[in-house]
Amino acid sequence: MIVDPKTETLSGVRFVRSPFCDDRPSELAISLVVVHGISLPPGEYGGDGVEQLFTGTLDPNAHPYYAQIAHLQVSAHVFIRRDGSMIQFVPFTRRAWHAGASMFNGRERCNDFSIGIELEGTDTDRYTSVQYDQLVEVLAALKQRYPDLADVRGHEQIAPGRKTDPGPAFNWGHLAGRLPDGLRFA
């Protein structure tokens, strides 16, 4: 897997454009990956809810929970399903709207300098081994393309008290032992 330098997207990964992105500040290098967890409806897997949310096409009448979130303008760069299949929504050189109010190493607005990767899951359901495999492959491709990339954190760590994902079901120890050279999770 590589990041195509012409499109700034992952080779071989389905791309569905999200309108919920914009230009990054030009002076900031990509230095952080933020890992998230999401499922729509909550606790249900394999549907199109996440794709619809990230593309602004979520029907608020399709599920009672959707009425609360259909208005949100959010996205991530990549979504990794439980079976390992992936969708990319935003080219990596663009700013996806995934982190919200956030801070890392004293720097606010993590969207400015981070890449957001959503894993299909909840805070309490263990993520699948193929999701970890795919995440590691994506991280390796990102590190190769963006040499300033140095850190991997959870949404809960950059927005404590506001966000809880990917939650206690995510095995950071397992990921830390497989991180590509030059990436760290402290």
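The values are calculated or read from the model by the stated rules, or taken from the named source; none is laboratory data. Predicted model only: the values in this text are computed from it and were never measured. Counting neighbours? That spans all protein chains shown, and the Cβs are built from the backbone with ideal geometry, glycine included.
Looking across the range 83-114, the residues that are over 15 Å from Arg153 (Cβ atoms) and assigned to a strand (DSSP E or B) come down to Met86, Ile87, Gln88, Arg94, Arg95, Ala96.
Going by the structure shown, is Arg162 crowded, with 18+ Cβ neighbours inside 10 Å and over 22 Å from Val13 (Cβ atoms)? Spell out how you get there, then give the answer.
Numbers: crowded, with 18+ Cβ neighbours inside 10 Å: no; over 22 Å from Val13 (Cβ atoms): yes.
No, not satisfied.
Here the range 51-63 is the region considered, the condition is being buried (at least 16 other Cβ atoms within 10 Å of the Cβ) and either without any contact (Cβ under 8 Å) to a residue 12 or more places away in the chain or more than 13 Å from Ala96 (Cβ to Cβ) (or both), and the residue that is nearest to the chain's Cα centre (by Cα) is Glu51. Counting residues in the range 166-179 that are modelled with pLDDT of 95 or more and at positive phi gives one or more. Scanning the range 1-12 for residues that are of a type in the set (S, T, N, Q) and outside any strand (DSSP E or B) yields Thr7, Ser11.
The residues on offer are Ser114, Ser75, and the sole one that is in contact with a Leu (Cβ under 6 Å, 6 or more places away or on another chain), under 25 Å from Leu10 (Cβ atoms) and of a type outside the set (A, V, I, L, M) is Ser114.
Kindly indicate whether any position in the range 13-30 is of a type in the set (Ser, Thr, Tyr), assigned to a loop (DSSP other than H, G, I, E, B) and either within 26 Å of Asp112 (Cβ to Cβ) or touching a residue at least 24 places away in the same chain (Cβ under 8 Å) (or both).
Restricting attention to the range 13-30, the residues satisfying the condition of being of a type in the set (Ser, Thr, Tyr) are 18, 26.
Among the residues that remain, those that are also assigned to a loop (DSSP other than H, G, I, E, B) are: 18, 26.
If we keep only those that are either within 26 Å of Asp112 (Cβ to Cβ) or touching a residue at least 24 places away in the same chain (Cβ under 8 Å) (or both) too, we end up with 18, 26.
Taking every residue of the range 13-30 in turn, at least one turns out to be of a type in the set (Ser, Thr, Tyr), assigned to a loop (DSSP other than H, G, I, E, B) and either within 26 Å of Asp112 (Cβ to Cβ) or touching a residue at least 24 places away in the same chain (Cβ under 8 Å) (or both).
Could you tell me whether the range 79-95 includes any residue that is at pLDDT below 95 and surrounded by 14 or more Cβ atoms within 10 Å (Cβ to Cβ)? No, the range 79-95 contains no residue that is at pLDDT below 95 and surrounded by 14 or more Cβ atoms within 10 Å (Cβ to Cβ). With the requirement that a residue be part of a helix (DSSP H, G or I) and farther than 25 Å from Cys110 by Cβ, what does the range 35-74 give you? Across the range 35-74, the qualifying residues are Tyr66, Ala67. Residues considered: Ser11, Ser102, Ser75. Of these, the only one that is within 14 Å of the chain's Cα centre (by Cα), among the small types (Gly, Ala, Ser) and closer than 27 Å to Phe185 by Cβ is Ser75.
Inside the range 9-44, residues that are hydrophobic (A, V, I, L, M, F, W, C) and over 13 Å from His77 (Cα atoms) make up a count of 4. A search for C-beta distances below 6 Å between a residue of the range 64-85 that is of a type in the set (A, V, I, L, M, F, W, C) and any residue that is assigned to a helix (DSSP H, G or I), counting only pairs 6+ apart in sequence or on different chains, returns Phe79/Val50; Ile80/Gln131; Ile80/Gln134.
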